[in-house]
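These notes concern the structure reproduced below.
The values are calculated or read from the model by the stated rules, or taken from the named source; none is laboratory data. Note that the structure is predicted; figures quoted are calculated from it, not measured. All Cβ positions, glycine included, derive from the backbone under ideal geometry; neighbour counts span all protein chains shown.
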Amino acid sequence: MRVMADPQIIADEALARVRKRLAMRIEETGISTAKLARRAGVSPRTIQRLLNEPERDVYVRTIGALAAVLLIDVKELFEPLPDQSMEE
């Protein structure tokens, strides 16, 4: 019998991947929080919270705006990280 995963756990794991990938992309590009915030139309505090406060929820439109500025496909943000094994 297959046990279904808790939807909240799945959502939390997906959001953790998004946060990690955004942080990696910010580091790769070297863009400052202030510049990223200005270009994405969000506050610098929003970005700081997104990256440093995993218990906070985040709007999909914020993720989309940041991805657009960072030139990364939103779908890619949700994909498993290379060091995560695929569980079946």
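Laid out as a table, the results:
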item: Scope segment 50-77; condition under 16 Å from Asp12 (Cβ atoms), surrounded by 14 or more Cβ atoms within 10 Å (Cβ to Cβ) and touching a Lys or Arg at 6+ places or on another chain (Cβ under 7 Å); matching residues; result: Leu50, Leu51, Leu77
item: Filter result for Ile47 (in a loop (DSSP other than H, G, I, E, B), modelled with pLDDT of 90 or more and farther than 19 Å from Leu81 by Cα); result: no
item: Segment 11-45, residues that are loosely packed, with under 14 Cβ neighbours inside 10 Å, farther than 15 Å from Leu77 by Cβ and of a type in the set (A, V, I, L, M, F, W, C); result: Ala34
item: So Val58, is it touching a helix residue (DSSP H, G or I) at 6+ places or on another chain (Cβ under 6 Å) and modelled with pLDDT under 95; result: yes
item: Total residues in segment 31-54, condition basic (Lys, Arg) and under 13 Å from Ala65 (Cβ atoms); result: 2
